[in-house]
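Engineer: Have a look at this one before I ask anything.
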Amino acid sequence: MRQTLDFLLNDWLGVQDLTLRARFAEHSGETFAAVLDTCEKIAREKFAPIARLTDTEEPRFDGERVHLPAATKAATDAYVASGMLAAAQDYAIGGMQLPCVIEMAANAFFSKANVALGAYAMLTAGNANLLMAHGTAKQREVFAAAEFEGRWFGTMCLSEPQAGSSLSDITTRAEPEFADDPLGSRFRLWGNKMWISAGEHELSENIIHLVLAKIPGPDGKLVAGARGISLFIVPKKMVGADGQLTGERNDVRLAGLNHKLGFRGTSNCLLNFGEGGAGAVGYLVGQPGEGLKCMFHMMNEARIGVGLGAAMLGYAGYEASLAYARQRSQGRTIGPAGKDATQPQRPIIEHADVKRMLLAQKSYVEGGLALALLCARLVDEQHSGAAEAAKEAKLVLEVLIPIVKSWPSEWCLEANSLAIQVLGGYGYTRDFPVEQYWRDNRLNMIHEGTHGIHGLDLLGRKVVMNGGEALFALAARINFTVETALQQPELAELGNALAAALASVGRATKNAWSSGEPEEALANATPYLQAFGHLVLAWIWLDVALKAGQGAPSDFAQGKQAACRYFFAYELPKIEAWLGVVSRREPLCKDMPDAWF
């Protein structure tokens, strides 16, 4: 994996160019490599050895506190000591001023080694980053700073038992109490939040919940819809204006733990706010009614992180099944007379169907990693590039966010399934890790929004906003890769195939909206998302293959080119079936009566 990671960062994405910018001027290729080396070592020595332990010894609630294996705290403490929680922050507040793409690459090692433990850090950093963008100076000084130091951890509290993904239907209530509190306008909150990862534990001194709630209108009723949602800081333990714990417990209580299929090392909670009657103390972040706008800062960052985590779980399964295929012998060569039982068995990696499964995995997981790193690189361009480049990067990122979250979550899960298949019966046992990788990765299809939600976002908003501006920006990048490929005889055929796929997506987009009826256009938003994702990954693979072909011939480079050819031969043709139902606005799923099921 490390060789591929270094190639994608240095050769494909050219991260060394970032050191020419003022913000990253004190960095170099050597400092970037040192960060990766450190994180790889911590992940290998502290996270990976307890992956099975954290899966089998799930968090346990005794009615008073949540119990986790002692090794969990040792691993998270090692992560905190690395300074990675503040990796992208200014030197002035103890950060490293690392580019987002290097931060994401470094965190990839933790997702691969033990994704459940990595979740505590991802949530904490995302929580603090949101406060840096939308919090007051005092909120940044008190809450964000403590999170970056790792003294306090953080969560995001969105979903509710009755609302799920429909955030406009949340009922958590926030009543104003005192407008002039130094930590922000103080409210009292009542409500319940479900599926809260890292919602209760004793890995840190305090837990900072970022909670979506509604402020009642003048009539005392909650405002309907998303425009009534506000965002609040709700600490588990009360904090003074000086940033010190007061010794008082806030009215946030654990109602119970959810026991999920995977990610078992992450406590997952149902939290009650205001159960004691007086209400949980919360401090307003940003302006009233702008809670979702603020929360999307954390959610979009988390969506790249979820996609990266899905790719790395797929990568872990790929490496495990590749190692197994190389040492497991079974079957014999088939000659004109059939099999010769007197001949020795062959390593299963010599069988075409096993190579098919391994090539599929390679194309999914390395492609998913490249996609996540590309999105992180676009974040850097958006925040530190020249004005025109920053604008273009923002547009491309807008249209890729639904893809980077959803595509690895679906296809790197498929990679995990194929890894189990390569191992045969052993793949279904706990003697090998591939079944756990599958269970852990299955959660990513619902983390940070389902496929259906991201399909609606992509077809309903991203590709049509501002007259298709973001779609055109992405298409320009794809066409540049096509033109480059057409100048390479060995890749020209793939360039033409990519151009045809882009045209097919464009036609389907127009056809979907040709009636002007949203219900018709969006009835097949998920197949559109799948086709669009495959278009993006075909583009990425062709671009990677072009870069791999620039050096001296090697097994590494030829492996990348073979994975590219696999994707074009076996995967890209799938988009026509997906786009078919989109283009004709297939009404079956929309019109199917309940009684017919």
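Engineer: Within the range 283-358, which GluC sites (Glu not before Pro) sit in a loop by DSSP and count at most 16 neighbouring Cβ atoms inside 10 Å?
Structural biologist: Listed in order of number, the matching sites are E290.
Engineer: Sorted by accessible area with a 1.4 angstrom probe, largest first, how do T72, T342 fall?
Structural biologist: Largest accessible area first, the list is T342, T72.
Engineer: Now, a different point. Under a Cβ-Cβ cut-off of 15 Å, what is the net charge of the residues other than R507 that fall near it, where Lys and Arg count +1 and Asp and Glu count -1?
Structural biologist: Working: positive: K510, R584, R585; negative: E576.
The answer is +2.
Engineer: Could I ask something else about it? Using amide H atoms built in the peptide plane, which far-off residues or other-chain residues are under 5 Å from G256 H to H?
Structural biologist: Amide H neighbours of G256, under 5 Å, 5+ apart: L270.
Engineer: Also, I was wondering about something else. Magnitude of the Cβ-charge dipole of the chain, K/R +1 and D/E -1, about the Cα centre, nearest 20 debye?
Structural biologist: 880
Engineer: Please give the helix 352-384 orientation as an angle from the longest Cα principal axis of the chain, in degrees from 0 to 90, rounded to the nearest 10.
Structural biologist: Tilt relative to the chain: about 50 degrees.
Engineer: Right, here's the next one. When the Cα centres of the range 388-410 and the range 43-62 are compared, how far apart do they sit, in Å?
Structural biologist: What the calculation gives is 33 Å, centre to centre.
Engineer: As a test of reading the structure, rank S514, S166 by solvent-accessible area (1.4 Å probe, protein chains only), most first.
Structural biologist: Largest accessible area first, the list is S514, S166.
Engineer: Treating only the Cβ atoms of Lys and Arg (+1) and Asp and Glu (-1) as charged, compute the dipole magnitude of the range 198-323 about its Cα centre; round to the nearest 20 debye.
Structural biologist: It works out to roughly 360 debye.
Engineer: OK, next. Going toward the positive end of the dipole of the chain, with +1 on Lys and Arg Cβ and -1 on Asp and Glu Cβ, which of A531, L371, P69 do you reach last?
Structural biologist: After comparing all options, I get A531.
Engineer: Dipole of the range 319-448, Cα-centred, from +1 at each Lys and Arg C-beta and -1 at each Asp and Glu C-beta, to the nearest 20 debye?
Structural biologist: Working: 15 positive and 16 negative charges, 121 e Å.
Roughly 580 debye for the range 319-448.
Engineer: Moving on to the next point. Quick one: what Rg and Dmax do you get for the range 70-223 from the alpha carbons, in Å?
Structural biologist: According to the Cα coordinates of the range 70-223, Rg and Dmax are 17.0, 52 Å.
Engineer: Let me ask something additional. Please give the peptides 497-504, 268-275 ranked by average Cβ packing (other Cβ atoms within 10 Å per residue), highest first, as a rough proxy for protection.
Structural biologist: 268-275, 497-504
Engineer: Leaving ligands, DNA and RNA out of it, work out the accessible area of M238 with a 1.4 Å probe and give it in Å² to the nearest 10.
Structural biologist: Counting only protein heavy atoms, M238 exposes about 20 Å² to solvent.
Engineer: From the P(r) of the chain, can you give the percent of Cα pairs sitting at distances over 43 Å?
Structural biologist: On the way: 38419 of 177906 pairs.
Result for the distance tail: 22 percent.
Engineer: Oh, and also: Could you work out, for the range 491-576, what percent of all Cα-Cα pairs fall into each 10 Å distance bin, beginning at 0 Å and stopping at the bin that holds the largest distance?
Structural biologist: The percentages, shortest bin first, are 17, 41, 24, 13, 4, 1.
Engineer: Take peptides 99-106, 251-258 and line them up by average Cβ neighbours within 10 Å, highest first, as a rough protection proxy.
Structural biologist: Going by the mean number of other Cβ atoms within 10 Å, highest first, we get 99-106, 251-258.
Engineer: Could you tell me which residue out of Y120, H27, T54 lies farthest along the dipole of the range 1-140 toward its positive end? Charges go on the beta carbon: Lys and Arg +1, Asp and Glu -1, centred on the Cα centre.
Structural biologist: Of the listed residues, the answer is Y120.
Engineer: Now, a different point. If you count, for each residue, the other Cβ atoms within 10 Å and average over each peptide, how do 515-528, 451-464 line up from highest to lowest?
Structural biologist: Final packing ranking: 451-464, 515-528.
The values are calculated or read from the model by the stated rules, or taken from the named source; none is laboratory data. Note that the structure is a prediction, hence the values are computed from the model and not measured. All Cβ positions, even for glycine, are placed from backbone atoms using ideal geometry, and neighbour counts span all protein chains on display. The protein model used for the area step is the full one, side chains on, heavy atoms only, and it has no ligands, DNA or RNA in it. Shrake-Rupley method; radii C 1.70, N 1.55, O 1.52, S 1.80 Å.
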